[in-house]
Amino acid sequence: MISVRELTKVYRQPARDVVALDNINLDIDDGEIHGIIGRSGAGKSTLVRCLTLLDRPTEGKVIVGDQDLTGVTDTELRNARRRIGMVFQHANLLSSRTVADNIAMPLEIVKTHKAERRARAKELIDLVGLSGLEDTYPAQLSGGQRQRVGIARALAADPDVLLCDEPTSALDPATTNEILTLIRSVSSRLNLTVVVITHEMSVVKTLCDSVSLLDDGKILESGKLAEVAGKVNSRLSRALLPLPTHELAAADLVLEVVGKQDAVNVPIASHIAEENPVTVHITAANVETLGDTRFAHYLLAISSAEQINITGIEATLARHGYSERARAKEGVQV
Ligand SMILES: Nc1ncnc2c1ncn2[C@@H]1O[C@H](COP(=O)(O)OP(=O)(O)O)[C@@H](O)[C@H]1O
Ligand SMILES: [Mg+2]
């Protein structure tokens, strides 16, 4: 649905040029919810603006559906943009207009008839869970309700794609969850392809099917949630499956291991101790489900009266579906 090819954006500045996006490649399937995570200044908002050509890429292509937006006329671009709904951190509603009139704004711009606008707004108000509030004003709404109006307005022109830039960054955790649930449900009901920009991993975990890590204008890692979470030496994996705060393990060897699906039900610490002349202590653990995949992530402190045979322990791990993510000697944090 969305393909980004060798996208580069350079802001020319008198002092020095800023390379905000550096050779970005990205493919997002129809109906997929894709998260783009990165810290402040990574280039996230620039990427969103380039996806809609609100900002002209310096180089590269943005293909939405089968249309290369970098190669179309202004009129074609205006039409293409109607197929892309935008949701921002703040809904930026017009305070002098009712909920229904705010939602109908994109339809006014394309001169849709008043009765039709009203009917469409009503439909969307029901869809986002604000039934009965059509004639209220933004000042009377909570932050979460205002963001629901923002989402309804983004859906007014019946888009194929929803672009959300930090949609929940101004909301409390409970409201964040409600809004993420709403985005997920409208996406599946309307078969929308969704791109969510965020600096919060919890948003990715709750909402997304796939994720890309953007850092300093580059995509460092990208893939389905369950795939990237299982990878060794992956920054996304560490962020998706964090271990709780733990003490340094006093042991001859400290191993960080990850197993998924059936391996989660395996008593891996017992197996290591049974199959090797060692004792195993679980120092920290995180067992959770990402997408449809269960993961177990353990920090194991291993000790022995003898020289430790790492090959034997690795064979045990592999046999029971675990991979080693990191290894350290006593007193070293992993
Ligand atoms: N209009 C602009 N002119 C110059 N530099 C910009 C402009 N917009 C963004 N930048 C720079 O590009 C980089 C990425 O910014 P941005 O896309 O806003 O990051 P994010 O949304 O991830 O916080 C930053 O270094 C920022 O200072
Ligand atoms: Mg930003």
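The values are calculated or read from the model by the stated rules, or taken from the named source; none is laboratory data. Fair warning: this is a prediction, and the values are worked out from it, not measured in the lab. So basically every Cβ, Gly included, is an ideal-geometry build from the backbone, and we count neighbours across all protein chains shown. Just the protein is used for accessible areas: all its heavy atoms, side chains included, with ligands, DNA and RNA removed. Shrake-Rupley method; radii C 1.70, N 1.55, O 1.52, S 1.80 Å.
Label-to-label distance, His199 versus Asn92, with points set 7 angstrom from Cα along the beta-carbon direction: 1.9 nm.
Each peptide in 2-10, 115-123 gets a packing score, the mean of other Cβ atoms within 10 Å over its residues, and the list from highest to lowest is 2-10, 115-123.
Averaging the sequence gap over all C-alpha pairs within less than 8 Å and six or more residues apart, then dividing by the number of residues, gives the chain a relative contact order of 17 percent.
A crude spin-label estimate for the pair Asp215 and Ala239, with each label 7 Å from Cα along the Cβ direction, gives 0.9 nm.
By the rule of a C-alpha distance below 21 Å, with chain neighbours fewer than 8 residues away ignored, the lysines paired with Lys61 are Lys9, Lys44, Lys218. By accessible area, using a 1.4 Å probe on protein heavy atoms only, the range 242-328 has 50% of its surface on carbon and sulfur. For the range 242-328, the relative contact order is 43 percent, taking Cα pairs closer than 8 Å that sit 6 or more residues apart in sequence and dividing their mean separation by the residue count.
Projecting label points 7 angstrom from Cα along Cα→Cβ for Glu76 and Ser185 puts them 3.9 nm apart.
In this structure, His281 and Asn23 have a Cβ-Cβ separation that, at R0 = 56 Å, corresponds to a calculated FRET efficiency of about 0.80.
Scalar couplings 3J(HN,Hα) for the range 16-21, obtained by applying the Karplus form with A = 6.51, B = -1.76, C = 1.60 to θ = phi - 60°, are 7, 6, 9, 8, 7, 10 Hz; x denotes Gly and Pro. For the chain, a Kirkwood hydrodynamic radius built from all Cα pairs, placed in the Stokes-Einstein relation at 10 °C and 1.306 mPa s, yields a translational diffusion coefficient of 71 µm²/s.
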